[in-house]
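Following: one structure in structure tokens, then a few remarks.
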Amino acid sequence: MRWAHCPDEAEVAFTVADAYQRRGLAALMMGELLEHAAAAGIVRLTFEMLGENRGAIALVRSLGATVRSSNGVAVATLAVAPPAGRLAA
């Protein structure tokens, strides 16, 4: 979901059903999401996760996100790289 006040930023939310966790699906979805976000001009993604969700936190950190935690909620911010081949102005 893009933020109305900052259209080049978006909040992300998705769930991997318990039966499909630990199979790499979240990493695959994140890869696709990052490609689509970059192509759409998104420069930053924000995620809210339960502070106890170590797998999700590890995944976003492995992608370079900064994570802060407060009151049992972890909030991650991830810069989106421009699409490959796009020249910087």
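Scanning residues 5 or more positions from ARG44 or on other chains, those with amide H under 5 Å from its amide H are ALA10, VAL80, with H placed 1.01 Å from N in the peptide plane. Sparsely packed loop sites in the range 11-89 (the chymotrypsin sites (Phe, Trp or Tyr not before Pro) outside DSSP H, G, I, E and B with at most 11 other Cβ atoms within 10 Å) comprise PHE14. Angle check, please: helix 25-39 long axis (alpha carbons) against the longest principal axis of the chain (alpha carbons), in degrees 0 to 90, nearest 10. The answer is roughly 20 degrees. Computed extension gain for VAL16 through SER70, at 0.36 nm per residue and net of the alpha carbon distance, reaches 17.1 nm. Ratio of Rg to Rh for the chain, alpha carbon only, Kirkwood? Checking Rg against Rh, the ratio lands at 0.98.
Bear in mind that the values in this text are calculations on the coordinates, not laboratory data. Everything numeric here is computed off the predicted structure, so don't read it as measured data. Methodologically, a virtual Cβ is constructed for each residue, glycine included, from the backbone with ideal geometry; neighbour enumeration extends over all protein chains shown.
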